Amino acid sequence: MGQEGARVARVNRQPLSPSGSGRRAVEAVWRIESARIVATLARYTGDFPLAEDVAQEALAEALVTWSREGVPTNPAGWLMTVGRRRAVDAYRRRAALDERYSVVARDLGEGGVAAGSAPEGGENDMPWDPDRIDDDVLALMFISCHPMLSREAQVALTLRVLGGLTSDEIARAFLVPTATVQARITRAKKTLAAAQVPFVAPPAHERRERLGSVLSVLYLVFTEGSTASSGSEWMRQDLAHEAIRLARILARLVPDEAETHGLLALLELTAARFPARLGEDGEPVLLEGQDRQRWDRSAIRRGRAALTVAGRTGRGLGAYGVQAAIAEVHAIAPSVGETDWERIVVLYEALGRLAPSPIVELNRAVAVSMAAGPAAALLIVDDLVAAGSLPGSYLLPSVRGELLTRLGRVDDARLQFEVAIELCENDSARSILEGKLAALDG
């Protein structure tokens, strides 16, 4: 159990107000310990969907019991014991007194817990093996991001079982109905059960390939948190910080893969700018207008340290590591004008070879505009337009409008900003674009 979990576990059993204290205690313990609880239950039952179900049942029971009777001295152990008892009940309901039921029942030692009582879950009852925790959580990461699941299902399952988020929280983060999130999680668990996916981390020869899915999901979650694709909020920082927390865990569990450290470096360095990305009234502040004194220097130090580890691990930097190197150039620059844009252009060229995409080319164009001027950058952007890249995205016309403005082609720029505004689904980003359009007429 981590430091935070141990601190929570030492809370004395005291009555709590049913109005909210009990719920807050449950939520705190769950957010800290949920991944280990589900992972350990999955190892004991050999059934990941069942483990997630019984863990949720234990959580529901805690919401009622802790508010009435107080927080147990070992909250995580309490949840684990209830979860294991619910697993036994599930096997009973299936009327399958088979070997799995016998093993789980014997491990549980039912004589020690009365059928109707709430378990104390003392330290001696802690059912996880400290030598297996890392393996369990790693297996949970790979199962949640199993390649047979859709990307949407991978994200929902990862945030549920590793992040400890509720369906409501995930739904709010991605602006979809709660029922949609619940359906994705239910389908994912049914798919894993039908395929009889074993609760094990993939063997070494498969891990590198499947690690890509885990990294991709964490990057997607962070990206949605750092720059919301739709809705009224410019950022969803809780979502972004959850991705960072999971990336830190992954870097500890898979320390010999450069890209785990590269992704962590990228997230830390990007999040370092969060404090300066919103003004006093909550309005978005773009890079050129940010007060760099407000950047989180501790996050920059963590990011640079992770990037150093990535650079000396394995075969050097991958795509996430190169993006982190770009973020580092921004992090150490005193201002936009003093940024080493030539180096950023070179890094984007390298990224384009590692992970070619229209977004990488568009970002390279922005860097080229700063290093060599808007005319050179417009050639890159016009090639993307001719290729039909990024259809439906406001980013391409937005960048093109910026370049045309700098070139004095006001009428053409106005048309591009109007297109971008029409395509943009985020209220804050749309407000920025409307401001740029208005400035053309000012």
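With in a loop (DSSP other than H, G, I, E, B) and either under 30 Å from Pro203 (Cβ atoms) or without any contact (Cβ under 8 Å) to a residue 24 or more places away in the chain (or both) as the only criterion, which of Glu242, Glu259, Glu280 stands out? Walk me through how you get there before you give the answer.
On the way: Glu242 fails: in a loop (DSSP other than H, G, I, E, B); Glu259 fails: in a loop (DSSP other than H, G, I, E, B).
Testing whether each residue is in a loop (DSSP other than H, G, I, E, B) and either under 30 Å from Pro203 (Cβ atoms) or without any contact (Cβ under 8 Å) to a residue 24 or more places away in the chain (or both) leaves just Glu280.
I'm trying to understand the selection: among the residues of the range 198-239, which are of a type in the set (D, E, K, R) and touching a residue at least 24 places away in the same chain (Cβ under 8 Å)? Break it down stepwise before answering.
Step one: list which residues in the range 198-239 are of a type in the set (D, E, K, R), which gives 206-210, 224, 233, 236, 238.
Matches in the range 198-239: Arg207, Arg208, Arg210, Glu224, Glu233, Arg236, Asp238.
Looking at (1) closer than 20 Å to Glu402 by Cα; (2) in contact with a His (Cβ under 8 Å, 6 or more places away or on another chain); (3) β-branched (Val, Ile, Thr); (4) in contact (Cβ under 8 Å) with a residue 40 or more places away in the chain, find the lone condition where Val336 falls short.
The number of the failed condition is (2).
Looking at Ala193, Ala173, which one is touching a helix residue (DSSP H, G or I) at 6+ places or on another chain (Cβ under 6 Å), among the small types (Gly, Ala, Ser) and crowded, with 18+ Cβ neighbours inside 10 Å?
Details: Ala193 fails: crowded, with 18+ Cβ neighbours inside 10 Å.
Being touching a helix residue (DSSP H, G or I) at 6+ places or on another chain (Cβ under 6 Å), among the small types (Gly, Ala, Ser) and crowded, with 18+ Cβ neighbours inside 10 Å holds for just one of Ala193, Ala173, which is Ala173.
Collect the residues in the range 362-388 that are part of a helix (DSSP H, G or I), within 22 Å of His330 (Cβ to Cβ) and not aliphatic (A, V, I, L, M), keeping them in residue-number order. Full working, then the answer.
Initial filter on the range 362-388 (part of a helix (DSSP H, G or I)): 362-372, 374-386.
Within this subset, residues satisfying the condition of being within 22 Å of His330 (Cβ to Cβ) are 362-372, 374, 376-377, 380-381.
Passing the criteria: Asn363, Arg364, Ser369, Pro374.
Which of the residues spanning the range 60-73 are part of a helix (DSSP H, G or I) and either acidic (Asp, Glu) or in contact with a Lys or Arg (Cβ under 8 Å, 6 or more places away or on another chain) (or both)? Give the derivation first.
Step one: filter the range 60-73 for residues part of a helix (DSSP H, G or I), giving 60-69.
The answer is Glu61, Leu63, Ser67, Glu69.
What are the pairs, 6+ residues apart or on separate chains, where a residue within the range 417-440 that is closer than 21 Å to Glu233 by Cβ and aromatic (Phe, Trp, Tyr) has its Cβ under 9 Å from a residue that is crowded, with 18+ Cβ neighbours inside 10 Å and at pLDDT 90 or above?
Matching pairs, first to second residue: none at all.
Only one residue in Leu157, Leu220 is at pLDDT 85 or above, within 14 Å of the chain's Cα centre (by Cα) and surrounded by fewer than 18 Cβ atoms within 10 Å (Cβ to Cβ), so which one is that?
Working: Leu157 fails: surrounded by fewer than 18 Cβ atoms within 10 Å (Cβ to Cβ).
Just a single option satisfies the conditions, and that option is Leu220.
So which residues in the range 318-353 are of a type in the set (D, E, K, R) and under 18 Å from Ala272 (Cα atoms)? So that I can check it myself, show each step before the final result.
First pass over the range 318-353, keeping only residues of a type in the set (D, E, K, R): 328, 338, 340, 342-343, 349, 353.
The answer is Glu328, and nothing else.
Might you let me know whether the range 389-404 holds any residue that is aromatic (Phe, Trp, Tyr) and outside any loop (DSSP other than H, G, I, E, B)? Working first, answer last.
Looking only at the range 389-404, we keep the residues that are aromatic (Phe, Trp, Tyr), and these are 394.
Checking the rest, the ones that are also outside any loop (DSSP other than H, G, I, E, B) come to none.
Taking every residue of the range 389-404 in turn, none turns out to be aromatic (Phe, Trp, Tyr) and outside any loop (DSSP other than H, G, I, E, B).
Out of all the residues in the range 169-193, which are basic (Lys, Arg) and at pLDDT 85 or above?
Here is the first cut: in the range 169-193, the residues basic (Lys, Arg) are 172, 184, 187, 189-190.
Matches in the range 169-193: Arg184, Arg187, Lys189, Lys190.
Considering the range 405-442 alone, what residues qualify as being outside any helix (DSSP H, G or I), buried (at least 17 other Cβ atoms within 10 Å of the Cβ) and among the hydrophobic types (A, V, I, L, M, F, W, C)?
Cys424
Filtering the range 295-338 down to residues that are surrounded by fewer than 20 Cβ atoms within 10 Å (Cβ to Cβ), within 18 Å of Thr270 (Cβ to Cβ) and of a type in the set (S, T, N, Q), which residue is nearest to the chain's Cα centre (by Cα)?
Ser298
Residues to consider are Glu57, Glu33, Glu27; find the one that is in a helix (DSSP H, G or I), among the charged types (D, E, K, R) and modelled with pLDDT of 85 or more.
Values: Glu33 fails: modelled with pLDDT of 85 or more; Glu27 fails: modelled with pLDDT of 85 or more.
Just one listed residue meets the conditions, Glu57.
Within the range 167-197, take every residue that is touching a residue at least 12 places away in the same chain (Cβ under 8 Å) and among the small types (Gly, Ala, Ser) and give me the one that is nearest to Leu41 (Cα to Cα).
The qualifying residue nearest to Leu41 (Cα to Cα) is Ala193.
Here are some residues: Ala365, Ala377. Which one is at pLDDT 95 or above, surrounded by 21 or more Cβ atoms within 10 Å (Cβ to Cβ), within 26 Å of Glu259 (Cβ to Cβ) and not hydroxyl-bearing (Ser, Thr, Tyr)?
Numbers: Ala377 fails: within 26 Å of Glu259 (Cβ to Cβ).
Step by step, each of Ala365, Ala377 is checked, and only Ala365 is at pLDDT 95 or above, surrounded by 21 or more Cβ atoms within 10 Å (Cβ to Cβ), within 26 Å of Glu259 (Cβ to Cβ) and not hydroxyl-bearing (Ser, Thr, Tyr).
The values are calculated or read from the model by the stated rules, or taken from the named source; none is laboratory data. Note that the coordinates shown come from a computational prediction; the quantities given were computed from them, not determined experimentally. Every residue, glycine as well, gets a Cβ built from its backbone with ideal geometry; the counts of neighbours run over all protein chains shown.
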